[in-house]
Amino acid sequence: MPSFNKVILLGNLTRDPEMRTTNSGLAICKFGVATTRVSKGNDGEAREETVFVDVDVFGRQAEVIGRYFTKGRPIFIEGRLRLDQWETPAGEKRNKLCVILENFQFISSRFDDGSNDADFTNASSMSVASKKDEIAATLPVDNTLDEDVPF
C-alpha cells in the first residue's frame, strides 16, 4: 500500500534555534513552531487552538535557520513526520512526533529592527526548492555520522 508523509506549517518560532555540529561537521538545528487556529464554537465565541511542534533540520538549512531566526519570527516549513521513541531512566517508554524539515521559506523580507542585510537576501533565495542540490551537496556522501542522528 502506498504511503505519503508530508507536513506543511506556517507559524512562529517558540524558542531560539538550538545549534550543534556533529564530529563530521554536519550542522543540526532544533527549534519549535507554534501554529494557532481560530474558529467559532457553537456559542458563537471565537476559540483559539494552538499546536506546538518540534522541528529538526540538518546541513546548510540548519546553519541558515540558526543564523537568521529567533524566537517569535514567522517561518513556513515543509517536511515529514518522524516518531521519536526512547526510554526514561525510570524505565518508562516515551514517544513524540516531530517534523524533519525539508524546505523552508522566510516570511518577512526584513529583520524585525527594519535593517536589511545582503546575506539575509542571499540566504532567503537559498531556501527555495531549486537550491536542493546545493544543500544536499553539504551532506556527507555516505550519510554516516559520528553521532546517532536519525534521518
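Under 5 Å from the amide H of F69 lies no amide H of any residue 5 or more positions distant or on a separate chain, with H modelled from the backbone and absent for Pro and chain starts.
For segment 47-67, the residues whose backbone nitrogen is under 18 Å from a point 7 Å from the Cα of S108, taken along Cα to Cβ, are 65-67. Per-residue extension of 0.36 nm, minus the Cα-Cα distance of N23 and K93, leaves a gain of 22.3 nm for this segment. Amide H contacts of E102: E78, G79, R80, each under 5 Å away and 5 or more positions distant or on a separate chain (H built 1.01 Å from N in the peptide plane; Pro and chain starts excluded). When the Cα centres of segment 44-66 and segment 1-40 are compared, how far apart do they sit, in Å? After rounding, the separation between the Cα centres reads 5 Å.
For the residue pairs K40/K96; K6/K30; K6/K96; K71/K96, the C-alpha atoms sit more than 27 angstrom apart in K40/K96.
Quick note: the coordinates plus some simple rules give every number you see, no bench work behind them. What you are looking at is a predicted structure, and each value in this text was computed from that prediction instead of being measured. Methodologically, a virtual Cβ is constructed for each residue, glycine included, from the backbone with ideal geometry; neighbour enumeration extends over all protein chains shown.
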